[in-house]
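Asker: Attaching a single structure in structure tokens format; questions to follow.
The values are calculated or read from the model by the stated rules, or taken from the named source; none is laboratory data. Model, not experiment: these values are computed from the prediction. Positions of Cβ are backbone-derived with ideal geometry, glycine not excepted, and every protein chain shown enters the neighbour counts.
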Amino acid sequence: MRTQPAGAPLLDSFHIYDTTLRDGAQQEGISYSVTEKLAVARLLDSLGVGFIEGGWPGALPRDTEFFRRAAAGELTLRHAALAAFGSTRKAGTRADRDPQVRALLDSEAPVVTLVAKADRRHIERALRTDPAENRAMIADTVRLLVAEGRRVFLDAEHFFDGYQHDPDTALGVLDAAAEAGADVLVLCDTNGGNLPLRLAETVETVRARTGLRLGIHCQDDTGCAVANTVAAVAAGVTHVQCTANGYGERAGNADLFAVIGNLVTKLDLPVLPEGRLGALVGAAEAIAALADIADDPHQPYVGASAFTHKAGLHASGVKADPELYNHIDPLVVGNGMRVLVTEMAGRASLELKGAELGLDLRADPDALTRSIARVKELEAAGWSFEAADASLELLLRAELAVGTPRERPADFRPVWHRVVSEHRADGTVVSEATVGLRVGTERAEATASGEGPVRALEAALRRALAPQLPWLDTWTLSSYQIRVLDEGSRARVLAVSHDGEREWTTVGANASVIEAAVLALADAVAFQATRLARGG
């Protein structure tokens, strides 16, 4: 394993310490393989974090294997130092004879993060020892690790609750670790129950009393983990522990990407190597894919909706000056701005959306007026263009072309259709669809079967149009969603299509689910035909 020297990460004046692979992996539903852990570590290093906590060697076989493979050369780190997490020696034993401490040394990680109880109640009830022995356990373990050339951070578990209950015991934990050679004393809000004002007051008091280098680790049980972390930085900590996308046990941890975004853009702290802030969105999405957790579109800074505007008032402001409704330039963190078009849309919303789609509606005010009226009419009838940019683009192009001679790349129109579903004796259900189309001045019909009526309609539409549109074999209906509206009186179908390079979404709405599906599928084909005809 090649890594930065233990004492010299690139940004040692301020630590971004990531614990996605240990604390983040405790989230329900996350289970990284060793290969996936190595991939996450590479992504975090590419982003430029200072420390990557790889797991708990000796306690978890998968984590032990991760450190073995890292040490064997499978993990090359350019920016980060690798940290192993573990506990102090047990009560009544020697640190050099404790197998857990030995596993930390065997990991070959240049940094070791020790967890130690800082709440007297936990010391007495969970560890079944006293504060003096707890301090000895900390000091002995830190001293041994430092003597073996390791850089040591101490996670003072339950510090804030412990400090409120018995400040002398909590401070004694910090003193014991510092005197033995620990580099950073991390104050942990382990139960996540603190709020920013009180937490910051505690940090300020502890910093003034001890003069030690402090860190912060916040759980998100009150929804304040990011705010608590930023408040602690303002109060003087220079080491923050976070997880990618806020992963973690219960409500999770402080979100790495929100914390970095706030520290850089709001506090002007250069906590990443130059030029890496724009990689936030890509890192967030890649790590979510490895964790097999769906992206949160509303995640601050990196979510797909983080800089998305829906209300007409917002769109008017953005049109005048994007800074009026964006707290930063989205491009700074690798994101982008979007404008959604719904029944709330005004002229500004549609102008901006048209520009996003490559259409200049300002040049044709009448087309803009017609488009607004048509969107409101269709939205009232059950359509939703918010998530169906492809259908919206077709609508706008049609209004812009009113009264203008034009060539249509896919001049077809569904005329009639029929769908029959058969429940067979073996228990299988097969749907068969027949569609009739007007293609130019001619008619076309085709019948096909599929698993369910929508898939059958897709297959029949494809067969009917194949002679005119030979590229249809590259079109795939990847998914569709049916939503029943208005107490069952109408239905909306969203169809997601792709061609191996690009994805697009179309919509249809009708009292009949089948008709709604036909409308969405027809738009899917028409959009791709239009795009290909324009060389897109």
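Asker: Can you run down the residue pairs with Cβ atoms below 6 Å, 6 or more apart or on separate chains, where the first is in the stretch 223-246 and within 19 Å of Asn191 (Cα to Cα) and the partner is aliphatic (A, V, I, L, M) and assigned to a loop (DSSP other than H, G, I, E, B)?
Answerer: Close Cβ pairs (under 6 Å, with a partner that is aliphatic (A, V, I, L, M) and assigned to a loop (DSSP other than H, G, I, E, B)) amount to Cys224/Leu195; Ala225/Ala254; Val226/Ala254; Thr229/Ala254; Cys242/Ala254.
Asker: Based on this model, can you work out whether Asp366 counts as modelled with pLDDT of 85 or more, among the acidic types (Asp, Glu) and in a helix (DSSP H, G or I)?
Answerer: Taking the combined requirement at face value, the residue satisfies it.
Asker: Let me ask you something else. For the stretch 247-267, enumerate the residues that are assigned to a loop (DSSP other than H, G, I, E, B) and without any contact (Cβ under 8 Å) to a residue 40 or more places away in the chain.
Answerer: Initially, the stretch 247-267 is screened for residues assigned to a loop (DSSP other than H, G, I, E, B), giving 247-252, 254, 266-267.
Within the stretch 247-267, Ala254, Lys266, Leu267 meet the criteria.
Asker: With the requirement that a residue be in contact with a strand residue (DSSP E or B) (Cβ under 6 Å, 6 or more places away or on another chain) and β-branched (Val, Ile, Thr), what does the stretch 177-217 give you?
Answerer: Val184, Val186, Thr190, Ile216 - these are the residues of the stretch 177-217 that are in contact with a strand residue (DSSP E or B) (Cβ under 6 Å, 6 or more places away or on another chain) and β-branched (Val, Ile, Thr).
Asker: Regarding the stretch 15-35, can at least one residue be identified that is part of a helix (DSSP H, G or I), among the charged types (D, E, K, R), within 21 Å of Glu249 (Cα to Cα) and touching a helix residue (DSSP H, G or I) at 6+ places or on another chain (Cβ under 9 Å)?
Answerer: No, the stretch 15-35 has no match at all.
Asker: What tally of residues in the stretch 280-309 results from selecting those that are surrounded by 18 or more Cβ atoms within 10 Å (Cβ to Cβ) and not in a loop (DSSP other than H, G, I, E, B)?
Answerer: 11
Asker: Something else about it: Is it fair to say Leu82 is closer than 19 Å to Thr20 by Cα, modelled with pLDDT of 95 or more and not aromatic (Phe, Trp, Tyr)? First the steps, then the outcome.
Answerer: On the way: closer than 19 Å to Thr20 by Cα: yes; modelled with pLDDT of 95 or more: yes; not aromatic (Phe, Trp, Tyr): yes.
In short, yes.
Asker: May I pose another question? Check whether at least one residue in the stretch 159-177 is among the hydroxyl-bearing types (Ser, Thr, Tyr) and assigned to a helix (DSSP H, G or I), and report yes or no.
Answerer: So far as the stretch 159-177 goes, yes, one or more of its residues are among the hydroxyl-bearing types (Ser, Thr, Tyr) and assigned to a helix (DSSP H, G or I).
Asker: Would you call Asp119 assigned by TED's automatic domain parsing to the domain that holds Leu214, out of contact with any Ser or Thr (no Cβ under 7 Å at 6 or more places or on another chain), acidic (Asp, Glu) and surrounded by fewer than 24 Cβ atoms within 10 Å (Cβ to Cβ)?
Answerer: When the stated conditions are applied, Asp119 does not pass them.
Asker: Right, another one. Looking only at residues in the stretch 178-205 that are part of a strand (DSSP E or B) and in contact (Cβ under 8 Å) with a residue 40 or more places away in the chain, which one is farthest from the chain's Cα centre (by Cα)?
Answerer: The residue in question is Val184.
Asker: Restricted to the stretch 318-334, and to residues that are touching an Asp or Glu at 6+ places or on another chain (Cβ under 9 Å) and either farther than 20 Å from Leu267 by Cβ or crowded, with 18+ Cβ neighbours inside 10 Å (or both), which residue is modelled with the highest pLDDT?
Answerer: Checked the stretch 318-334; the qualifying residue modelled with the highest pLDDT is Pro322.
Asker: Is one or more of the residues making up the stretch 206-217 within 20 Å of Gly54 (Cα to Cα) and in contact (Cβ under 8 Å) with a residue 60 or more places away in the chain?
Answerer: yes
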